[in-house]
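*Asks:* Let me give you the structure first, and then I'll get to my questions.
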Amino acid sequence: MNKFVDELQSMIHHFTFQDKHYLLVGPVNLPISIQHEEVPFKWYAFAPVERDTKPTIESIVQMSTAQQTFSSCLLFGDFENERPPLVRIHSVCQTGDVFGSLKCDCGPQLALSLKKITDYGKGMLVYMANQEGRSIGLMAKALTYKLQEMQLDTFEANRLIGCGDDDRHYEEAAAVLHYLNKGKPLHLLTNNPDKVDSIAAYGLPVLRFDHTVEASLYNEAYLKAKAASGHMVDEKKLINQ
Ligand SMILES: [Zn+2]
């Protein structure tokens, strides 16, 4: 029994980033299928915590209810070498990531980021599980999707129901990136300059790398709205320009 407990204890990491406390549980080996090939990733779950002492196995089990979602990250490659990792910070999109919805570019962006990370040889996907619909939540997202059917763009729809354009924050992502990459430089896969600025504002050395996916008939208007709002979408990849 003790060897199991010791092994679990060794995967509980407790750290502080900019005066806040975080719990990181891992790594666990997670083979992922990428274009029908099995690729070995290391998986960690993480969360901000109130306490400044290291959580126990019992306290972790208590905080982990099925009603609450936690963010997690996938690591690939050797983090001991000096090459900056390729990093994607991806906010949950139940319709795009899970169902394969064509209304947004989330599903293809998620798949493409894992492919780019494995091709490059070193990287991290940080999956933010509490930022659905740029943080308006799934219920509000359902309302805005109806407004988008009525020809409002994604930002106009958010504003009509009193939500912001983008309420996401990147403090948790910055904390876990800083801890696992030891504060060293990283390459961020994104078209969103605000995301780069946010990560840089937490003191992490970061460079932006384009992450445009091919447009579909359904998400073209969505991608153009993103581009118009300041996202640096590579417009050569959009159709019907
Ligand atoms: Zn989406």
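The values are calculated or read from the model by the stated rules, or taken from the named source; none is laboratory data. None of these values were measured; they are calculated from a predicted model. Backbone-built Cβ (ideal geometry, glycine too); neighbour counts: all protein chains shown. These area figures cover heavy atoms from the full protein model, side chains too; ligands, DNA and RNA do not enter into them. Shrake-Rupley method; radii C 1.70, N 1.55, O 1.52, S 1.80 Å.
*Asks:* Can you tell me which condition I117 does not meet? The list is (1) in a helix (DSSP H, G or I); (2) surrounded by 21 or more Cβ atoms within 10 Å (Cβ to Cβ); (3) of a type in the set (A, V, I, L, M); (4) within 16 Å of the ligand (Cβ to nearest atom), and all the others hold.
*Replies:* So I117 meets the others, but not (4).
*Asks:* Further question: Which condition breaks for N130 when tested against (1) open to solvent by 70 Å² or more (accessible area, probe 1.4 Å); (2) under 30 Å from E82 (Cβ atoms); (3) in contact with a strand residue (DSSP E or B) (Cβ under 8 Å, 6 or more places away or on another chain)?
*Replies:* (2)
*Asks:* Still on this model: Give region 226-241 a look and list any residue that's at pLDDT 70 or above and surrounded by 14 or more Cβ atoms within 10 Å (Cβ to Cβ), or say none.
*Replies:* The answer is K226, A227, S229, H231, M232, V233.
*Asks:* Please determine whether any residue of region 13-20 is free of Cβ contacts under 8 Å to residues at least 60 places away in the same chain, out of contact with any strand residue (DSSP E or B) (no Cβ under 7 Å at 6 or more places or on another chain) and not in a helix (DSSP H, G or I).
*Replies:* Yes - at least one qualifying residue is present in region 13-20.
*Asks:* With respect to the numbered conditions (1) more than 18 Å from the chain's Cα centre (by Cα); (2) open to solvent by less than 20 Å² (accessible area, probe 1.4 Å); (3) within 13 Å of the ligand (Cβ to nearest atom), which one is the sole condition not fulfilled by Q148?
*Replies:* Every condition holds for Q148 apart from (2).
*Asks:* Any chance region 130-137 includes a residue that's over 30 Å from G162 (Cβ atoms) and more than 10 Å from the ligand (Cβ to nearest atom)?
*Replies:* no
*Asks:* Confirm whether N192 is open to solvent by less than 30 Å² (accessible area, probe 1.4 Å) and more than 19 Å from the chain's Cα centre (by Cα).
*Replies:* Answer is no for this residue.
*Asks:* In region 69-81, which residue that is surrounded by fewer than 16 Cβ atoms within 10 Å (Cβ to Cβ) and more than 17 Å from the chain's Cα centre (by Cα) is modelled with the highest pLDDT?
*Replies:* D78
*Asks:* Does region 161-180 contain at least one residue that is in a loop (DSSP other than H, G, I, E, B), at pLDDT 95 or above and basic (K, R)?
*Replies:* The answer is no, given that none of the residues of region 161-180 is in a loop (DSSP other than H, G, I, E, B), at pLDDT 95 or above and basic (K, R).
*Asks:* Just to verify a result, which residue in region 64-114, among those that are more than 16 Å from the ligand (Cβ to nearest atom) and of a type in the set (F, W, Y), is farthest from L204 (Cα to Cα)?
*Replies:* If we take residues in region 64-114 being more than 16 Å from the ligand (Cβ to nearest atom) and of a type in the set (F, W, Y), then F70 is farthest from L204 (Cα to Cα).
*Asks:* Pick from P84, P55, P27: which is surrounded by 15 or more Cβ atoms within 10 Å (Cβ to Cβ), part of a loop (DSSP other than H, G, I, E, B) and modelled with pLDDT of 95 or more?
*Replies:* P84
*Asks:* Now a separate question. Going by the structure shown, is L125 touching a residue at least 24 places away in the same chain (Cβ under 8 Å), surrounded by 16 or more Cβ atoms within 10 Å (Cβ to Cβ) and part of a strand (DSSP E or B)?
*Replies:* So L125 fits the description; yes.
*Asks:* Next up: Kindly evaluate F17 against the criterion of being surrounded by 17 or more Cβ atoms within 10 Å (Cβ to Cβ), among the hydrophobic types (A, V, I, L, M, F, W, C) and more than 30 Å from M139 (Cβ to Cβ).
*Replies:* So F17 passes the test.
*Asks:* Kindly check whether there is at least one residue in region 152-160 that is more than 16 Å from the ligand (Cβ to nearest atom) and crowded, with 21+ Cβ neighbours inside 10 Å.
*Replies:* The answer is no, given that none of the residues of region 152-160 is more than 16 Å from the ligand (Cβ to nearest atom) and crowded, with 21+ Cβ neighbours inside 10 Å.
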